[in-house]
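What follows is a short report on a single structure.
The values are calculated or read from the model by the stated rules, or taken from the named source; none is laboratory data. From a predicted model like this one, the values you see are computed outputs, not experimental measurements. Heads up, the Cβs are rebuilt from the backbone with ideal geometry, glycines too, and the neighbour counts pull from every protein chain shown. Side chains included, ligands, DNA and RNA excluded: accessible areas come from the protein's heavy atoms. Shrake-Rupley method; radii C 1.70, N 1.55, O 1.52, S 1.80 Å.
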Amino acid sequence: MAVIIAELPPLRRIDNIDNYLNMIGGIIDYVTHIDIPDSTFANPSANAVLIGALIRRRFGNVEVIANVRVADHNKVGLTALVMGGLINGVRNYLLMRGDLGPGVTAVPDLTPVSAINYLRSIEQISGARFGISISSFEESYIRERLNAKPDFAMLQYTLSMDDLMRVFTVNREFNVDVYPALLIITNKSARVIGRILNTEVQVKPDPIDDAITRARELLRYFPGIYLSAPGDFEAIVEAAKALRKYL
């Protein structure tokens, strides 16, 4: 069965946690994993590992992927974070460098690649699964990331099949589970997607049908996808429900 991951919006206000959990409750029956961001664009949000633990306690066996900014952690802190997550049922960790805003400095101990190599040497966290973020589509960069032998990889936004096929081709050597983003382009999400891609994106007359068409194409080459629609989680729910008809 294909892996279908729903990307949550970051939790930036802790006074609406019940609404946040209700939102998650509306999609868990239609996806295999929940992806939890961690302080995107260097704008603080609730810690993804702790939110993952809360989701696991509330909803049982749903798999969560906690995003971890290695720029925020030294070796001791990162190990402790993963140990605490494992105790609470969080076993999937997407390692990324993390954005740095004005006045924000990075902890220099680790990169995503060196973090995977280091964490794999720690016996206490042998049950964790480590993923890596691939944020460029240059072949040498893709190869470097996949050469770390992550358990999975998640790709940066792109609407270019050429980009995705380059990853697919390089990955034949590594056989990593790679998950591209299925961008659901709606009136609410188009502006953010366009800003990230640095181009204007077109909203189709039926955004969900357009997303499902592209999802079926992506699943010809990849074992799963993650659903993303910045600012429009309702579109993610609609797309997840529609995908169930084809999987």
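Here the chain has 48 percent of its accessible surface on carbon and sulfur atoms, given a 1.4 Å probe and all protein chains in place. Pairs of Lys residues in region 3-245, spaced 8 or more positions apart or belonging to different chains, with C-alpha separations under 27 angstrom: 6 in total. Per residue, the convex hull spanned by the Cα atoms of region 57-191 amounts to 153 cubic angstrom.
Shown here is the pair-distance distribution of region 81-151: with all Cα-Cα distances grouped in 5 Å bins from zero up to the longest one, the shares run 3, 15, 23, 22, 18, 12, 5, 1 percent. In the full protein context, region 3-245 carries 48 Å² of accessible surface per residue, based on a 1.4 Å probe and ignoring ligands, DNA and RNA.
Our note on the geometry: Cα centres of region 69-146 and region 199-234, 27 Å apart. If R0 is 45 Å, what FRET efficiency do you get for Ile122 and Arg216 from their C-beta distance, rounded to 0.05? Approximately 0.65, to the nearest 0.05. The fraction of all Cα pairs in the chain landing in successive 10 Å bins from 0 to the largest distance is 7, 31, 39, 20, 2, 0, given as whole percents.
Cα convex hull of region 111-150: how many Å³ per residue?
It is 56 Å³ per residue.
The listed peptides 136-145, 118-127, ordered by packing as a protection proxy, come out as 136-145, 118-127 (highest mean of other Cβ atoms within 10 Å first).
Within the set of other residues whose C-beta is less than 12 Å from the C-beta of Ala215, count the net charge using Lys and Arg as +1 and Asp and Glu as -1. Residues close to Ala215 contribute a combined charge of +2. Kindly list the residues of region 56-94 that lie in the label zone of Ile17, defined by a backbone N under 15 Å from the point 7 Å along the Cα-to-C-beta vector. Residues 56-59 qualify, since their backbone N sits under 15 Å from the label point. Shown here for region 175-247: trypsin sites (Lys or Arg not before Pro) in loop regions (DSSP other than H, G, I, E, B) with at most 12 other Cβ atoms within 10 Å, namely Arg220, Arg244, Lys245.
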